[in-house]
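Each value in this text was obtained by applying a stated rule to the coordinates, not by laboratory testing. Fair warning: this is a prediction, and the values are worked out from it, not measured in the lab. Don't worry about glycine lacking a Cβ; one is built from the backbone with ideal geometry, like all the others, and counts go over all protein chains shown.
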Amino acid sequence: MELQQGRRSILHRCVQSGDVFHAGLVITLLLGVWYAQALEVNTGKVNFVEVMNGSSVLLPCTYSSCIGIKNLYFNWQYKDNGTLIKLCEAVIPAEGIEPHVKIYHERVVFVGSSKDSNISILLHNVTFEDQGDYICFAINPKEKGRNHSAVFSLYVVDELKEVDNTLTIIIVSVLGGVIGLIILIMVVKAVVLSVLNKVQEKNKECLVSSSGNDNTENGLPASKADSKPTPKA
């Protein structure tokens with residue numbers, strides 16, 4: 001209540017001052033804060049699944065709200081040729097309190113948990129008639145009746161298609177070969193440089209040794225042992 005009064009006071013002052021720009025900016029910010037806190041339900045990054053006839057399938061759904069929940073109502077519905085058929089419904093009194101879920105479909109099982117903000121269901125023994133859109137809906141009275149829904153599509157097939165990984169294998173093989181070739185070139189380069197460095201060092205040693213021997217043979221360096229005193233007169 002105090003927060004709402006503060007918002008109204010700020011907006012009222014902006015309007016009174018005639019600053020339309022700032023008034024619009026305040027409204028935009030307030031709307032942004034409200035939407036950031038708003039309830040949201042999500043069926044995951046991939047909102048469809050393909051399953052085999054006769055198998056079981058998980059229909060995922062989670063909810064979130066920055067300001068928390070109170071008496072959150074949710075349900076699952078199946079869209080059958082434009083007609084919504086309710087599969088289950090429940091009310092979560094507060095965070096962490098498990099709901100008492102009413103099931104209206106014999107092959108539906110609630111597998112969610114309020115501790116994880118999870119309201120997913122499991123559909124057993126899927127048939128071709130089950131194919132279609134499933135709607136996860138929730139409404140949060142704590143947010144003045146803010147509601148949200150998400151759609152999860154189910155496709156039923158006789159058998160799952162095998163994914164052809166030939167192209168992926170070829171690409172990985174080529175990349176592996178290129179990387180291996182680069183590593184080999186680097187190793188060969190390192191070996192060649194090492195050999196060249198050793199050869200250069202040996203050449204320098206030979207040049208120094210050869211220069212010393214030539215000077216000795218030419219009698220350039222004076223030798224203390226061979227030097228004789230000058231005879232006295």
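Structure above, values below:
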| read-out | value |
| --- | --- |
| Per-peptide average of other Cβ atoms within 10 Å, ordering 69-79, 146-156, 187-197, 89-99 highest first | 69-79, 146-156, 89-99, 187-197 |
| Ranked packing of 60-67, 198-205, most packed first, by mean Cβ within 10 Å | 60-67, 198-205 |
| For region 34-120: lysine pairs under 26 Å (alpha-carbon distance), excluding those fewer than 8 apart on one chain | 10 |
| Net lengthening on full extension, Lys204/Asn147 (0.36 nm per residue, minus Cα-Cα) | 12.1 nm |
| Amide proton proximity set for Ile69, modelled H, under 5 Å, gap of 5+ | Glu95 |
| Point-to-point label distance, Asn81-Glu98, nm (Cα→Cβ direction, 7 Å offset) | 3.9 |
| Ranking of Ser209, Ser114 by count of other Cβ atoms within 10 Å, fewest first | Ser209, Ser114 |
| Under 5 Å, built H, 5+ apart or other chain: amide partners of Glu98 | none |
